[in-house]
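Asker: One structure, as structure tokens, below. Some questions next.
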Amino acid sequence: MSLLVDGLGLGRPSGEVAVERALSEVRAGRGVLVEGDDAAVLVLAAETFDAGAGAALQALGARAARLVLPAPRLMKLGAPRPHAGVVALPQLDAARIAALALRMDASVDAPVAPAGALDLAALELLGLALALPAAVVAVLPDEALAGVMRVRQAQVMGYRASQVARLRIVGRAPVPLEGAVETEFVVFRGGEGLRDQVAIVVGRPDLAAPVAVRLHSACLTGDLFGSLKCDCGDQLRDTVRHMAQGEGGILLYLDQEGRGNGISNKMRAYALQAQGFDTYDADAALGFDLDQRRFDFAAVMLRQLGVGAVKVLTNNPQKIAALRAGGLDVVSDQRVLGRPTAENARYLASKRDRAGHYIDFEALVASAPD
């Protein structure tokens, strides 16, 4: 019987399964009941909330309805707070909710109260679902909750750590690349919700010695389409080429589009950048912190590949610190320079000035083609 249970995946912790089902519900625009020790609230994503949802909740007897917003969005709305807060919704007005969650010219029109534990779990659920960080939360009578997906607050808040603990290799194969013929792709499941992560092993690095390593967050626009707004594609290809021409190395290709915000929110931020916002101000206006990414699982991936010491190729001090915190011996770090363009100069300057990235503009200009 135990083999059957394990083989069907029924032996997985029930909390993880509940969170994964809840993520699907939230992304589909349906409500999820988040349960605490002595209370429970229905949570919906503000980005999918419409007049029909508001009318349905009112008809079901919703009470204590509120909009949960993170501190960066409250700052944009003119109500600075050190932490997330809630705005009461006496009427479930979809237009008002949309304005407070997303419009750039909106301002707070009611008092802001501190967010409670269930409110914070609602924001965490939306973050895991890569939705806009704005949650409609309400209390419903028990008789109105039949068939609603339920998840415990503790399960939501502990989900990220559980994914790191369950990280495992699910497939690997040689994939010759242009300029790096001897290359193997190793696919991991876990680390970031329902997404897979990839380790690209270039050449034959000596795992007994410090290995050249880069943590590269996926960037669809830069890596695949050659966007001029960032330097991601250059960093990706130059790193693989550098490793192939040297002693080999490992590039971790992490599914963390838009600094962990997801592709839809990245496009929302790009639209704001076109209006004059810098990359971090655009994210903050949408409710995001400076950087949503986590790199704890990257150290786990490397250890599973047999790596103990690394030479990190990065401009980001956060990645260096994360690998050290993950128990790896970081023996050196080296810069990875992309091409400076008229379109990415402000972006690179913002990363240097706002997030402390090690970016030397004189070195960038010197390395650029005429």
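Read the figures in this text as sums done on the coordinates, not as results from a lab. Quantities reported herein were computed from a predicted structural model and do not represent experimental measurements. No Cβ is skipped: glycine too gets one built from the backbone with ideal geometry, and neighbour counts run over all protein chains shown.
Asker: Using Cα springs under 10 Å in a Gaussian network model of the chain, which residue among 165, 55, 146 shows the largest mean-square fluctuation?
Answerer: 146
Asker: Name the trypsin sites (Lys or Arg not before Pro) in the stretch 118-219 that are in a loop by DSSP and that have at most 16 other C-beta atoms within 10 Å, would you?
Answerer: When the trypsin sites (Lys or Arg not before Pro) of the stretch 118-219 are filtered for loop state and at most 16 Cβ neighbours within 10 Å, 166, 195 remain.
Asker: If you take the Cα atoms of the stretch 214-340, find Rg, then find the Kirkwood Rh from the mean of 1/r over all pairs, what is Rg/Rh?
Answerer: Values: Rg = 15.3 Å, Rh = 15.5 Å.
Looking at the stretch 214-340, the ratio lands at 0.98.
Asker: If you keep only loop residues by DSSP, which chymotrypsin sites (Phe, Trp or Tyr not before Pro) in the stretch 282-325 have at most 16 other Cβ atoms within 10 Å of their Cβ? Don't skip to the end; give the middle numbers.
Answerer: Details: sites: 288, 295, 297; in loops: 288, 295.
Sites meeting the loop and neighbour criteria: none at all.
Asker: Expressed in whole Å with the largest first, what are the equivalent ellipsoid semi-axes of the stretch 2-157 derived from the C-alpha gyration tensor as the square root of 5 times each eigenvalue?
Answerer: Three semi-axes, in Å: 29, 17, 14.
Asker: Next up: Which three extents, in whole angstrom, do the alpha-carbon atoms of the chain cover along their principal axes, largest first?
Answerer: Sorted largest first, the three principal extents are 66, 61, 31 Å.
Asker: Let me ask another. Over what distance in Å are the Cα centres of the stretch 191-248 and the stretch 27-49 separated?
Answerer: 37
Asker: While we're here: Only sites in a loop by DSSP and with at most 10 other Cβ atoms within 10 Å count here; which GluC sites (Glu not before Pro) in the stretch 105-189 make the cut? Before the final figure, lay out each step's value.
Answerer: Working: sites: 124, 143, 178, 182, 184; in loops: 178, 182.
Here the sparse-neighbourhood loop sites are 178.
Asker: Taking 8 Å as the Cα distance limit and 6 or more residues as the minimum spacing, I'd like the relative contact order of the stretch 2-157 as a percentage. Mind showing how you got there, number by number?
Answerer: Working: 267 pairs, mean separation 55.8, N = 156.
Relative contact order of the stretch 2-157: 36 percent.
Asker: Please list, by residue number, everything in the stretch 266-295 whose backbone N is under 15 Å from a paramagnetic label point 7 Å out along Cα→Cβ of residue 321.
Answerer: Correct set: 290-295.
Asker: Of all DSSP beta bridges located in the chain, what percent are antiparallel, nearest 5? Walk me through the numbers on the way to the answer.
Answerer: Details: 38 of 55 bridges.
Roughly 70 percent of the DSSP beta bridges within the chain come out antiparallel.
Asker: Of the beta bridges DSSP finds with both residues in the stretch 2-157, what % are antiparallel, to the nearest 5?
Answerer: That works out to approximately 85 percent antiparallel.
Asker: Given the -39500 (n - 2.57) contribution per DSSP H run of 4+ residues, what per-residue ellipticity at 222 nm results for the chain, rounded to the nearest 500 deg cm²/dmol?
Answerer: Computed mean residue ellipticity for the chain: -10500 deg cm²/dmol.
Asker: Work out the FRET efficiency for residue 139 and residue 270 from their Cβ-Cβ distance, taking R0 = 51 Å, and round it to the nearest 0.05. Could the numbers behind the result be given before it?
Answerer: Numbers: r = 37 Å, r/R0 = 0.72.
Using R0 = 51 Å, I get an efficiency of 0.85.
Asker: Follow-up. Once you charge only the Cβ atoms, +1 for Lys and Arg and -1 for Asp and Glu, what is the size of the charge dipole of the chain about its Cα centre, to the nearest 20 debye? Intermediate results must be reported in sequence, preceding the final value.
Answerer: Values: 39 positive and 42 negative charges, 37 e Å.
Using Cβ point charges on Lys, Arg, Asp and Glu, the chain gives about 180 debye.
Asker: In terms of Cα to Cα distance under 25 Å, which lysines are near enough to residue 266, apart from those fewer than 8 places away along the same chain?
Answerer: Those lysines meeting the cut-off are 76, 229, 319, 351.
Asker: Of 101, 135, 24, whose Cα points farthest to the positive end of the dipole of the stretch 2-157 (charges on the beta-carbon: +1 Lys, Arg; -1 Asp, Glu; origin at the Cα centre)?
Answerer: Checked the options; the winner is 101.
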